[in-house]
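Participant: Just passing along the structure, written as structure tokens.
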Amino acid sequence: MKTTAEVLAHLASGNERQRDAHRVLKQSGLISNLEAYTPYPAGTVPIDIDIPGSDLDILCEAPDLDAFEMIVTQHYSGMEHFSCQRGTGLGDGLAYIACSFQVEDWPVEIFAQSVQVNKQNAYLHMLVEWELLQLWGAEGHAEIRRLKSVGLKTEPAFAEVLGLQGDPYVELLQLADWSQHELWFWARQRTSF
């Protein structure tokens, strides 16, 4: 699932919730309206560890955050719970904008930075998490969902399962440079799935 087209195809053929996410992404125009910003559906829904209330996340590359905010505001400011916040990314120090709103039953968060989507931390985290879930199978999915349902965010849930110390966001990011073989070999030694 390295391209937007691959993620959309995955969602379209996935479970009921993934298919509904695909429908919402298409019908709301989220993908087409943001096409100039390389929109990428990310987060827990594509990798099937979402729980009720999970966001439908979209990552974007936006060299001009002001122009990006204007486009998002133009298309979605009338949506329920619309807001945009700016900040500086943890670890990378890059400026970002995160816009949130509700589309039907889905909370949506659009996150944009001036770097390519495939270099953004959220994208790299998702790839590591997907690789681990491929190794762990249904038991791993169930354990991550269980930890999320008791209040942990996604990255801290993975850190808990793996026994990682320190900042879970930084620790998972360091795993993004590993090959699948290295990651799986290391993870097998740390988990019982």
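Participant: Please give the number of the condition Leu90 fails out of (1) modelled with pLDDT under 95; (2) surrounded by 15 or more Cβ atoms within 10 Å (Cβ to Cβ); (3) of a type in the set (A, V, I, L, M, F, W, C).
Facilitator: (2)
Participant: Also, I was wondering about something else. Going by the conditions given, is Ser100 small (Gly, Ala, Ser), at pLDDT 95 or above and open to solvent by 40 Å² or more (accessible area, probe 1.4 Å)?
Facilitator: It is false that Ser100 is small (Gly, Ala, Ser), at pLDDT 95 or above and open to solvent by 40 Å² or more (accessible area, probe 1.4 Å).
Participant: Filter segment 137-193 down to the residues that are within 18 Å of Asn121 (Cα to Cα) and acidic (Asp, Glu), then identify the one that is surrounded by the most Cβ atoms within 10 Å (Cβ to Cβ).
Facilitator: So the residue we want is Glu155.
Participant: Only residues that are open to solvent by 20 Å² or more (accessible area, probe 1.4 Å), at negative phi and touching a strand residue (DSSP E or B) at 6+ places or on another chain (Cβ under 7 Å): list them for segment 17-60, please.
Facilitator: Of everything in segment 17-60, those that are open to solvent by 20 Å² or more (accessible area, probe 1.4 Å), at negative phi and touching a strand residue (DSSP E or B) at 6+ places or on another chain (Cβ under 7 Å) turn out to be Ser28, Tyr37, Asp55, Asp57.
Participant: I'd like to check something: does segment 8-29 contain any residue that is touching a residue at least 12 places away in the same chain (Cβ under 8 Å), over 26 Å from His141 (Cα atoms) and touching a helix residue (DSSP H, G or I) at 6+ places or on another chain (Cβ under 6 Å)?
Facilitator: No: zero hits.
The values are calculated or read from the model by the stated rules, or taken from the named source; none is laboratory data. Since this is a predicted model, take the numbers as computed values, not measurements. So basically every Cβ, Gly included, is an ideal-geometry build from the backbone, and we count neighbours across all protein chains shown. With ligands, DNA and RNA removed, areas are computed over all heavy atoms of the protein, side chains included. Shrake-Rupley method; radii C 1.70, N 1.55, O 1.52, S 1.80 Å.
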